[in-house]
Amino acid sequence: MTSLAQTTILNWSGAQEGIAFDDAGIYDVLNSTDCPCYVVKVNGQTGFTSTGRLTTSENGIGRVMAWLPPLSPEMLGDETFRQHYGVKYAYAAGAMANGIASIAMVTTLGKALILSSFGAAGFVPQQIEEAIHQIQSALPSGPYAFNLIHSPHEEAIEQSTVQLYLKHAVTTVEASAFLSLTPHIVRYRVAGLARTGDRIQANNRVIAKISRREIAQQFMEPAPENILAYLLSQRWITEEQAALARHIPVADDVTVEADSGGHTDNRPLVSLLPVIISLRDEIQQYYHYPIPSRVGVGGGIGTPEAVLMAFMMGAAYVVTGSINQSCIEAGTSDHTKKLLGQAEMTDVIMAPAADMFEMGVKVQLLKRGTMFPMRAQKLFDLYQSYDSLESIPIAERQKIESQILRRSFNDVWQDTVNFFMNRDPRQVELANRDPKRKMALIFRWYLGLSSRWSNSGEPGRELDYQIWCGPSMGAFNNWVKGTYLESPAQRRVVDIAGHLMHGAAYLYRVQSLRLQNVQIPSTLARYMPGLSFR
């Protein structure tokens, strides 16, 4: 936005037929975000145009009331983010576990030069390795990322996943749900460090999702000395890499995760983002990194208004999550996509998380059309109340076996043993020594499978589907109502990314003109998706 029109008398010179006075023509001017926008008064009428030029000459056709330079969607956010990852927009599609953020989603967005993170959480190493092969084959030059989720109760999975990423040269990971730094995420970062002349080359890039100041600080500071010492003792990094690690942050980018689906603290974005940006600036003043950590946002991003708000508050980039689950490319079933497509903003609830069940950690889910949240809470209440399966009253036990698990505890335990023998045998050993831990694993069988049932469309288990979802899903549905994107069958991830970013640029023009006292017709105050961005 510029205010020259308010301080200097400017006129407009050009062909008068290029000035729009009707709503349709004004919309076309506002929507041409890669062109300038001039608001001119001609013969007592106010019109809009993207052609012609400004002049101080009195020979102009009309008086300029306001004007804006071009602002294309590609210009929003931090330019260094786009350069760093080789992408079109300062926009990313975040990871959603169990392959909801699927191979198809990652490759489709990647081919459009949009960053997306594969939902590796919940997969065993063999599945992750197959996904690596397919994505790297489809996107040999990127862009793509893979998720690394903190696994406090299954450290072996976190370690083996990092080993896979290092083995196959996966150069970007999205670290999520970390309660503190672990040797494995630090190993991934530091093992990719090298010196190029007098520069530090970080070949392994980390995007950290956080919702707490103290966790953000750990990712924004250099790797802790005790972890570096441990990595050196394991010979996972070199002395030179440890020395280089003391001069760069653990994460290139920190995503402020607000009221999101899945793991979330339900933090309001308008409160959390300024705190984390301020923290980044404090850390930068102390360490003087050549390149400070960028701060982006995720959670609640489901409309162009939300995207614009994030950028205007200083976000370097935006990350979408919940809304992508209803898209064609998502690894979710048609039934789940239908439920997501009907969701309102209030149709969400918190329920126990499968991966951090014993700790009482909760995730945000869709409550409409499923009984999973209530059933999961029932299992957690039993876990808190009793020390073993045997201490649960018989009547209560029979109800759980028949109505929720639909199998006996013994049968579920056998399935659990088979699962962990291929994934992390130590879990079985620990459970055999601790009856309460055994109970937790049996209850986690239900919590773990429920999300897979949602993805595969397991017949007869519809009321048990666990569907991670934040209020942005309802906001998105409200925004696209009456457009071609109202139906999940028409939703494509590239379209949605394009409309969100273009819509944000459009709304910037509307709000900027309003700040110059230009009256915008109410019919043009919102951006509605009408064109395909494929």
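Bear in mind that the values in this text are calculations on the coordinates, not laboratory data. Everything numeric here is computed off the predicted structure, so don't read it as measured data. Cβ placement follows ideal geometry from the backbone for every residue including glycine, while neighbour counts extend to all protein chains displayed.
What the table shows:
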read-out: Residues ASP387 and ALA24, FRET efficiency given R0 of 51 Å [Cβ-Cβ distance, rounded to 0.05]; value: 0.15
read-out: Simple label model, 7 Å out from Cα along Cβ direction - ARG452 to ASN43, nm; value: 7.2 nm
read-out: Per DSSP, loop GluC sites (Glu not before Pro) in region 57-102 with at most 13 further Cβ within 10 Å; value: GLU58
read-out: Cα gyration tensor category, rounded, prolate or oblate, for region 117-214 with a/c compared to 1.5; value: oblate
read-out: Percent antiparallel among DSSP beta bridges (both partners in the chain, rounded to 5); value: 50 percent
read-out: Environment charge of ASN410, counting only residues whose C-beta is closer than 15 Å and scoring Lys/Arg +1, Asp/Glu -1; value: 0
read-out: Environment charge of GLN516, counting only residues whose C-beta is closer than 15 Å and scoring Lys/Arg +1, Asp/Glu -1; value: +4
read-out: Net charge dipole size for region 90-332 [Lys, Arg +1 and Asp, Glu -1 on Cβ; Debye, nearest 20]; value: 340 debye
read-out: Fewest-first sequence of ASP259, ASP387 by Cβ atoms within 10 Å of each Cβ; value: ASP387, ASP259
read-out: Anisotropy class of region 90-332 from Cα gyration tensor, a/c 1.5 cut; value: oblate
read-out: Relative packing of 451-462, 479-490, which averages over residues the other C-beta atoms within 10 Å, highest first; value: 451-462, 479-490
read-out: Theoretical gain in end-to-end length, GLN234 to ALA138 [0.36 nm per residue, Cα-Cα removed]; value: 31.1 nm
read-out: The chain: relative contact order in percent, alpha carbon pairs under 8 Å with at least 6 residues between; value: 14 percent
read-out: Cβ-defined net charge surrounding GLY94, 13 Å radius [Lys, Arg +1; Asp, Glu -1]; value: -2
read-out: Answer label, with Cα extents along the principal axes in Å calculated from the coordinates and candidates [x] 92, 64, 40; [y] 124, 45, 40; [z] 91, 58, 40; value: [z]
read-out: Spatial separation of Cα centroids for region 131-173 and region 315-374, in angstrom; value: 23 Å
read-out: Distance between region 411-484 and region 254-309 - C-alpha centres, whole angstrom; value: 29 Å
read-out: Label point distance in nm, ALA194-TYR289, each placed 7 Å from Cα along Cα→Cβ; value: 2.1 nm
read-out: Lys/Arg +1, Asp/Glu -1 at C-beta; the chain dipole; positive extreme among ASN324, TYR144, LEU54; value: ASN324
read-out: Residues in region 145-172 that a label on ASP434 would reach, taking backbone N under 17 Å of a point 7 Å out along Cα→Cβ; value: 151-157
read-out: Cβ-placed point charges (K, R +1; D, E -1), dipole of the chain about Cα centre in debye, nearest 20; value: 260 debye
read-out: Helix-only CD estimate at 222 nm, as mean residue ellipticity for the chain, using -39500 (n - 2.57) per DSSP H run (n ≥ 4); value: -12500 deg cm²/dmol
read-out: Whole-number percent relative contact order across region 485-534, with pairs defined as alpha carbons under 8 Å at least 6 apart; value: 49 percent
read-out: R0 of 25 Å, Cβ-Cβ distance ARG407-GLU129: FRET efficiency to nearest 0.05; value: 0.20
read-out: Cα shape, region 323-471, gyration tensor, a/c 1.5 rule; value: prolate
read-out: Ranked list, fewest to most other Cβ atoms within 10 Å of each Cβ, for ILE277, ILE291; value: ILE291, ILE277
